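To start, the structure itself, in structure tokens.
The values are calculated or read from the model by the stated rules, or taken from the named source; none is laboratory data. Everything quoted here is computed from the prediction, not taken from an experiment. As a convention, Cβ positions derive from the backbone with ideal geometry for all residues, glycine included, and neighbour counts pool all protein chains shown.
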Amino acid sequence: MRDNHLLFIIYSLLFLPLVSCSSDQAEDAFPSLITEMALLEVGETTSDVNIYTDGGKKYRVAGELEGLKPRTWGRGLFGYVLQDAGTVEVRTMLNVPLLPNSSKLSPLKRDPVDVVSAWMGGGFVNIHLMKKTKGADHTWGFILDGSYANAAGGTTYVVSLYHDQGNDPTAYSMHVYFSLDEDALSKHRIEGDSMRLSITTFETEPYQWQFPLTPQQ
């Protein structure tokens, strides 16, 4: 997956007028901006849009977002403001690609990258990275290195990040986000299943996390 598919903020931050006076007026002028990973669903028209947050909420999007196509799904990092009647006004939207299974590529590349964080949410493992770049494309994915029966009675999937730096020099740092769908590991998950994720960094040892997987309903 070439990272030129990353579409950085495609819906611009709206600027609100500055006001001074009471704290109540300030709160009205600057409503709380919530930032969260979510799935985006576009209905029959681009004005029929819902987001499903990793926190388990469904919101209807007020207004239209640019660059969408009818009857599509996507994943992104959204900055939104809550409205009445279960709707939100989306202020920022960053496309978050799903990592493809790159286990059959040869050679398997695990070029180093800086790690900011990794966390579970909404049936996905999400990772926030800082790639070193001078502007060229990198290729990303995940490698299923193996699996084993664990002490909890489930299966632990051993996964590492596929990263091909290519010929891009390790120059300035750039934020990138990806999600790994649990379904890409197994669609028949049970209680006790887990994933051990490893990411090669510029440090001596790779970063590692152990995440419980969500059992299939």
Spans of strands (runs of 3 or more DSSP E) in region 125-188 with at least 1 residues of a type in the set (S, T, Y), assigned by TED's automatic domain parsing to the domain that holds I199 and crowded, with 19+ Cβ neighbours inside 10 Å: 155-164, 172-181
Any chance K109 is surrounded by fewer than 18 Cβ atoms within 10 Å (Cβ to Cβ) and among the charged types (D, E, K, R): no
Check on M174, in contact with a Pro (Cβ under 9 Å, 6 or more places away or on another chain) and closer than 21 Å to M37 by Cα: no
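The rows are residues; the columns are (1) among the aromatic types (F, W, Y); (2) at pLDDT below 95; (3) within 22 Å of the chain's Cα centre (by Cα).
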{"position": "Y162", "(1), (2), (3)": "yes, no, yes"}
{"position": "S173", "(1), (2), (3)": "no, no, yes"}
{"position": "P206", "(1), (2), (3)": "no, yes, yes"}
{"position": "W209", "(1), (2), (3)": "yes, no, yes"}
Filtered residues of region 83-105 (kept if of a type in the set (D, E) and surrounded by 20 or more Cβ atoms within 10 Å (Cβ to Cβ)): none
Positions within region 64-75 being farther than 13 Å from T45 by Cβ and part of a loop (DSSP other than H, G, I, E, B), in sequence order: E66, G67
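Please enumerate the residues belonging to region 76-119 that are assigned to a strand (DSSP E or B) and of a type in the set (S, T, Y). Full working, then the answer.
First, the residues of region 76-119 that are assigned to a strand (DSSP E or B): 76-82, 87-95, 98, 101, 110, 114-119.
Scanning region 76-119 gives Y80, T87, T92, S117.
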